Amino acid sequence: MLTFEQKQTAVAELKEKFDRANSVIAVDYRGLDVPAINELRGKLREGGDYEYHVVKNAVLRRAAEGCDVALMTEHFQGPTAVAVSYGDPVAMAKALVDFAKDNEALEVKGGVLDGKAVDIGEIATLATLPSLDALRGKLVGLLQAPAQMIARVLQAPAGQLARLTEARRGQLEEGGGA
């Protein structure tokens, strides 16, 4: 049993994490054994800057007061764990949804993404999106394409002029040698 001071410390630490997070997803872990939970924690650690916490609902509710996570307090019923993302929320959602497919005992309840409450369907859709790094790569490719086209267009007249000059030189050499 936690003392009052320990509960206050736990609430303060969790509140600080909620304030820094860009997304939080609540899951029901009922039926998962310890090795499965550790496997999920490992997958979240591999994927990026994510954390997985099993916390009492009363502590979750207190920590959520005054921050965006308060939008999802209705999910703090029964056995609840929260996954917290400080980085790419897509990869965290993907890891949770994929793990839930493999382990039917894990149930995604809902969450908060950038200050907006999201339901199970939105989290599943989020999990199908490309990661933030993939989107950045596509954006860089799109930004580079016009520059490459401009370079080709600017090089074309110079290349044509060089070919024309070479052809004229060849004509003069043929005419001058005859």
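The values are calculated or read from the model by the stated rules, or taken from the named source; none is laboratory data. This is a predicted model, so every value here is computed, not measured. Here the Cβ positions follow ideal geometry from the backbone for every residue, glycine too, while neighbour counts run over all protein chains shown.
Worth pointing out:
- Condition met for E74 (more than 23 Å from the chain's Cα centre (by Cα) and either assigned to a helix (DSSP H, G or I) or touching a residue at least 40 places away in the same chain (Cβ under 8 Å) (or both)): yes
- Just so you know, in the stretch 33-57 the residues that are outside any strand (DSSP E or B) and among the aliphatic types (A, V, I, L, M) include one that is surrounded by the most Cβ atoms within 10 Å (Cβ to Cβ), and it is L40.
- Of the residues in the stretch 119-133, at least one is in contact with a helix residue (DSSP H, G or I) (Cβ under 8 Å, 6 or more places away or on another chain), touching a residue at least 60 places away in the same chain (Cβ under 8 Å) and assigned by TED's automatic domain parsing to the domain that holds D98.
- Unmet criterion (only one of (1) assigned by TED's automatic domain parsing to the domain that holds D49; (2) out of contact with any helix residue (DSSP H, G or I) (no Cβ under 8 Å at 6 or more places or on another chain); (3) among the aliphatic types (A, V, I, L, M)) for A91: (2)
Residues are listed down the side, and each one gets a yes or a no for (1) among the polar types (S, T, N, Q); (2) in contact with a Cys (Cβ under 8 Å, 6 or more places away or on another chain); (3) surrounded by fewer than 21 Cβ atoms within 10 Å (Cβ to Cβ); (4) farther than 20 Å from R30 by Cα:
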residue	(1), (2), (3), (4)
R61	no, no, yes, no
T73	yes, no, yes, no
S85	yes, no, no, yes
E107	no, no, yes, no
